[in-house]
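K.L.:
Please see the structure below; I have some questions.
All of the numbers you see were taken from the coordinates with simple rules; none came from a lab. These numbers were taken from a predicted model, which means no experiment stands behind them. Every residue, glycine among them, receives a Cβ derived from its backbone with ideal geometry; neighbour counts consider all protein chains shown.
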Amino acid sequence: MKPMTVVGNWKMHTNPAEARALLRDILRGLTHLREIHGSGPWPRVLVAPPFTSLAACQETLRDDEFAETVWAIHLAGQDVFWEAEGAYTGAISAPMLLASGCREAVVGHSERRRIFRETEEEAAKKAKAALEAGLEVFFCVGEEEKERERGETLAVLRRQLEPLWSLLPEGSQGRLAIAYEPVWAIGTGKAAQPQDAEEAALFIREEARKGGYPGDLPVLYGGSVTPENAGAYFQVPSIQGALVGGASLKAASFLGILEAARKGAEGSS
Ligand code: 13P
């Protein structure tokens with residue numbers, strides 16, 4: 001059975017009250033789905049709220065109402081800085097994320113790379129620091145539309161991944177996943193073909209092997225994933241989950257994607 005992970009990246013959406021309401025709706029929906037379908041095989045579910053809403057989400061997860069379902073959801077940071085503390089205005093460190101209830105962090109999202117001008121080396125340094133501190137890392141890579149048109153997709157993925165392999169600390173095996181998110185597919189409704197995602201996933205695994213990464217490396221797909229198209233990604237052999245933006249902001253559509261992941265895991269048994 002293929003282990004699946006679905007991450008809801010809430011980006012710069014939800015103030016604390018909105019985050020609490022959204023998480024409650026997701027937890028209630030999950031409880032309901034579990035009543036219908038039983039305990040498995042459910043995907044691992046993560047939500048990455050803005051930092052300012054982590055405390056509200058942590059409180060919600062402690063609510064007695066969700067005692068039965070709370071194990072099913074983890075909180076993740078949307079980004080993490082490479083130093084543990086210091087004079088870095090606006091930055092959030094891995095120990096801070098851990099203390100705020102996160103066990104995972106998204107690193108190197110294309111919005112960080114493009115809008116905030118984060119370099120490949122910086123993304124790799126962030127991943128290293130997060131892994132060293134004990135977080136699990138979802139490391140994002142993906143090409144821009146022009147790069148795909150020029151046939152440079154695999155070269156771009158290699159370039160984005162390259163600094164990572166030499167920086168990975170001992171013991172990161174099993175705590176790193178790669179999210180393949182083609183930039184042109186993010187928020188555009190132009191999702192990649194499942195076969196293209198499969199090709200990228202196979203390439204990423206091969207790069208990991210060449211880079212000396214030991215063992216299996218899960219690859220997720222991200223970019224305009226919806227309840228309608230999610231099943232097609234979960235059915236291709238090398239995709240082990242999804243990183244979801246827009247469709248994670250409504251409980252109904254996020255739950256639809258979780259159902260598709262459950263069916264995908266079942267189908268691969
Ligand atoms: P959308 O699902 O809105 O395309 O966003 C994808 C994404 O960037 C998730 O990190």
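K.L.:
Would you mind checking which residues have amide H under 5 Å from Thr5's amide H? H placed 1.01 Å from N; only 5 or more apart, or other chain.
P.N.:
Those lying under 5 Å, H to H, from Thr5 are Arg44, Gly241, Ala242.
K.L.:
Could you tell me which chymotrypsin sites (Phe, Trp or Tyr not before Pro) in the range 88-193 are loop residues by DSSP with no more than 14 other beta carbons within 10 angstrom of their beta carbon?
P.N.:
Values: sites: Tyr88, Phe116, Phe138, Phe139, Trp165, Tyr180, Trp184; in loops: Tyr88, Phe116.
Answer in residue order: Tyr88, Phe116.
K.L.:
So, one more: To the nearest 0.05, what FRET efficiency results for Gln193 and Thr226 with a Förster distance of 22 Å applied to their C-beta separation? Each step should come with its number before you reach the end.
P.N.:
Details: r = 15 Å, r/R0 = 0.67.
Here the calculated transfer efficiency is 0.90.
K.L.:
For Arg103, enumerate residues with amide H under 5 Å from its amide H, sequence gap 5+ or separate chain, H modeled in the peptide plane.
P.N.:
Leu75
K.L.:
Provide, for q = 0.12, 0.14 Å⁻¹, the log10 of I(q)/I(0) from a solvent-free Debye sum over equal Cα point scatterers in the chain.
P.N.:
Treating every Cα as an identical point scatterer, log10 I(q)/I(0) equals -0.68, -0.94.
K.L.:
Sticking with this one: So what are the ³J(HN,Hα) numbers for the range 69-82, from phi and the Karplus equation (6.51, -1.76, 1.60; θ = phi - 60°), rounded to whole Hz, Gly and Pro as x?
P.N.:
10, 4, 4, 6, 10, 10, 9, 10, x, 7, 6, 7, 8, 8
K.L.:
Mean residue ellipticity at 222 nm from the helices of the chain, using -39,500 (n - 2.57) per DSSP H segment of n ≥ 4 over the full residue count, to the nearest 500 deg cm²/dmol? Walk me through the numbers before you get to the answer.
P.N.:
Details: 10 runs with 115 residues, N = 269.
Helices in the chain give a 222 nm mean residue ellipticity of -13000 deg cm²/dmol.
K.L.:
Using the Cα centre of the chain as the reference point, and only Cβ charges (+1 on K/R, -1 on D/E), how large is the resulting charge dipole? Debye, rounded to the nearest 20.
P.N.:
Details: 29 positive and 37 negative charges, 26 e Å.
Taking the Cα centre of the chain as origin, the dipole is about 120 debye.
K.L.:
Give the aspartates and glutamates reachable from Lys190 as a straight Cα distance under 18 Å; neighbours fewer than 8 places away on the same chain don't count.
P.N.:
List returned: Glu111, Glu143, Glu144, Glu145, Glu147, Glu149, Glu181, Glu198, Glu199, Glu228.
K.L.:
Between Asp64 and Glu149, what is the spin-label point distance in nm, taking each point 7 Å from the Cα along the Cα→C-beta axis?
P.N.:
It works out to 6.0 nm between the two label points.
K.L.:
Over the range 120-269, consider all pairs of different Cα atoms and compute the Kirkwood hydrodynamic radius from their mean reciprocal separation; express it in Å, one decimal.
P.N.:
Values: mean 1/r = 0.0636 Å⁻¹.
Hydrodynamic radius (Kirkwood, Cα only) of the range 120-269 equals 15.7 Å.
K.L.:
If you place +1 on the Cβ of every Lys and Arg, -1 on the Cβ of every Asp and Glu, and leave all else neutral, what size is the dipole of the range 103-181 about its Cα centre, to the nearest 20 Debye?
P.N.:
Numbers: 14 positive and 17 negative charges, 24 e Å.
Computed about the Cα centre, the dipole is about 120 debye.
K.L.:
A further question follows. Specify which residue in the list His109, Val219, Gly264 is farthest towards the positive end of the charge dipole of the chain, using unit charges on the beta carbon of Lys, Arg (+1) and Asp, Glu (-1), about the Cα centre.
P.N.:
With unit charges placed on the Cβ atoms, the residue in question is Gly264.
K.L.:
When a footprinting reagent is the concern and you count Cβ atoms within 10 Å, what order do Lys126, Lys210 take, fewest first? Intermediate values should be presented prior to the final figure.
P.N.:
Working: Lys126 26, Lys210 11.
Lowest count first: Lys210, Lys126.
K.L.:
List, in order, the whole-Hz ³J(HN,Hα) value for each residue of the range 109-119 obtained from phi through the Karplus relation with A = 6.51, B = -1.76, C = 1.60 and θ = phi - 60°; use x for Gly and Pro.
P.N.:
Ordered by residue, 3J(HN,Hα) equals 4, 4, 5, 5, 5, 7, 7, 9, 6, 6, 8 Hz.
K.L.:
Name the residues whose placed amide hydrogens come within less than 5 Å of the amide hydrogen of Phe139, ignoring near sequence neighbours (fewer than 5 apart) on the same chain.
P.N.:
Long-range HN contacts for Phe139: Val107, Ala177, Ile178, Ala179.
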